[in-house]
C-alpha cells in the first residue's frame with residue numbers, strides 16, 4: 001500500500017488565521033478548476049501531509065503543495081523559507097523547505113514534485129535556483145555557492161537525526177521543488193476565484209443561480225475536507 005496513505009502525518013498547526021485558511025481554500029478551488037479545464041484526472045487531498053496533495057492515477061505519484069501568505073509585500077528569501085520556529089517544548093519545528101525535504105525523504109519515488117505557492121514573489125536567489133531547474137540544468141553544476149547554501153540550511157535541520165541517504169534525497173529535493181507566485185491576491189482572492197469558476201462554466205448553459213450553488217458547494221467541500229479525516233476530492 002502507498003506510504004503516503006499509511007504514514008502518520010507530521011505535526012501540523014494548521015492555519016493561524018481565518019483569512020489565511022480561506023486563501024488556501026480558494027487557491028485549492030482554483031487548482032481544481034484548472035484541472036477540470038485540462039480534463040486531467042487526479043485526486044486532490046486537503047491538509048494531507050501538506051496544505052494540499054495531488055495524486056495522479058496515470059503515474060501513481062503525488063505532488064505536494066505548501067500554500068503560504070504574507071501580509072506585507074516583501075519577497076520570499078531562502079533564509080525566510082528555511083527559518084525555524086521554536087515550539088513551547090523548546091524544540092524547533094521544521095522550516096517550510098525542511099518540510100518539503102521531509103516529503104522526498106519519507107515518500108521516495110511516490111513523491112514526484114513539491115511546490116511552494118504564495119501571494120508574494122521571490123527574491124533573486126530563489127528565482128535563480130528556479131531558473132536553472134526549469135531549464136533542466138543542475139543547480140550544483142550551475143551555481144555551487146547557492147547549492148551549498150540551501151544544502152547547509154536543510155542539513156542543519158536534520159543534524160539530530162541525519163538520514164543515511166541525505167545527499168541523494170537532497171538531489172531530488174533541489175531539482176524537483178518549484179516555487180510559484182499565485183495569481184490570487186490577498187485582498188481579492190474571493191472574487192478572483194468566483195470569476196474563474198464562472199468563466200469555466202460560461203459555455204455550459206447553466207443558470208447563474210445553479211452555478212452559484214455549485215460554486216458554494218465546492219468551496220464548502222474543500223473547507224470540510226481541510227478539517228476532517230476524509231480529505232480527498234476526486235477531480
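The values are calculated or read from the model by the stated rules, or taken from the named source; none is laboratory data. Note that the structure is predicted; figures quoted are calculated from it, not measured. We place every Cβ from the backbone using ideal geometry, glycine too, and count neighbours over all the protein chains shown.
Scanning region 140-178 for residues that are touching a strand residue (DSSP E or B) at 6+ places or on another chain (Cβ under 9 Å) and either at pLDDT below 95 or crowded, with 18+ Cβ neighbours inside 10 Å (or both) returns 157, 172, 173, 177. What single numbered condition from (1) over 26 Å from residue 4 (Cβ atoms); (2) in contact (Cβ under 8 Å) with a residue 24 or more places away in the chain fails to hold for residue 65? Against the list (1) over 26 Å from residue 4 (Cβ atoms); (2) in contact (Cβ under 8 Å) with a residue 24 or more places away in the chain, residue 65 comes up short only on (1).
Residues in region 43-70 that are in a strand (DSSP E or B), in contact with a helix residue (DSSP H, G or I) (Cβ under 9 Å, 6 or more places away or on another chain) and farther than 17 Å from residue 102 by Cα: 44, 45, 46, 55, 68. If only residues of region 113-128 that are in contact (Cβ under 8 Å) with a residue 40 or more places away in the chain and either closer than 20 Å to residue 167 by Cβ or over 18 Å from the mean Cα position of the chain (by Cα) (or both) are counted, the one that is surrounded by the most Cβ atoms within 10 Å (Cβ to Cβ) is 114. Quick check on residue 183: is it at negative phi and surrounded by 14 or more Cβ atoms within 10 Å (Cβ to Cβ)? Taking the combined requirement at face value, the residue does not satisfy it. Is it true that residue 74 is closer than 22 Å to residue 184 by Cβ, in contact with a helix residue (DSSP H, G or I) (Cβ under 9 Å, 6 or more places away or on another chain), free of Cβ contacts under 8 Å to residues at least 60 places away in the same chain and surrounded by fewer than 14 Cβ atoms within 10 Å (Cβ to Cβ)? Considered against the rule, which asks whether it is closer than 22 Å to residue 184 by Cβ, in contact with a helix residue (DSSP H, G or I) (Cβ under 9 Å, 6 or more places away or on another chain), free of Cβ contacts under 8 Å to residues at least 60 places away in the same chain and surrounded by fewer than 14 Cβ atoms within 10 Å (Cβ to Cβ), residue 74 comes out as yes.
Only one residue in 204, 137, 151, 196 is in contact with a helix residue (DSSP H, G or I) (Cβ under 9 Å, 6 or more places away or on another chain) and within 29 Å of residue 91 (Cβ to Cβ), so which one is that? Don't jump to the end; show me each part of the working.
Details: 204 fails: within 29 Å of residue 91 (Cβ to Cβ); 137 fails: within 29 Å of residue 91 (Cβ to Cβ); 196 fails: within 29 Å of residue 91 (Cβ to Cβ).
Of the residues listed, the single one that is in contact with a helix residue (DSSP H, G or I) (Cβ under 9 Å, 6 or more places away or on another chain) and within 29 Å of residue 91 (Cβ to Cβ) is 151.
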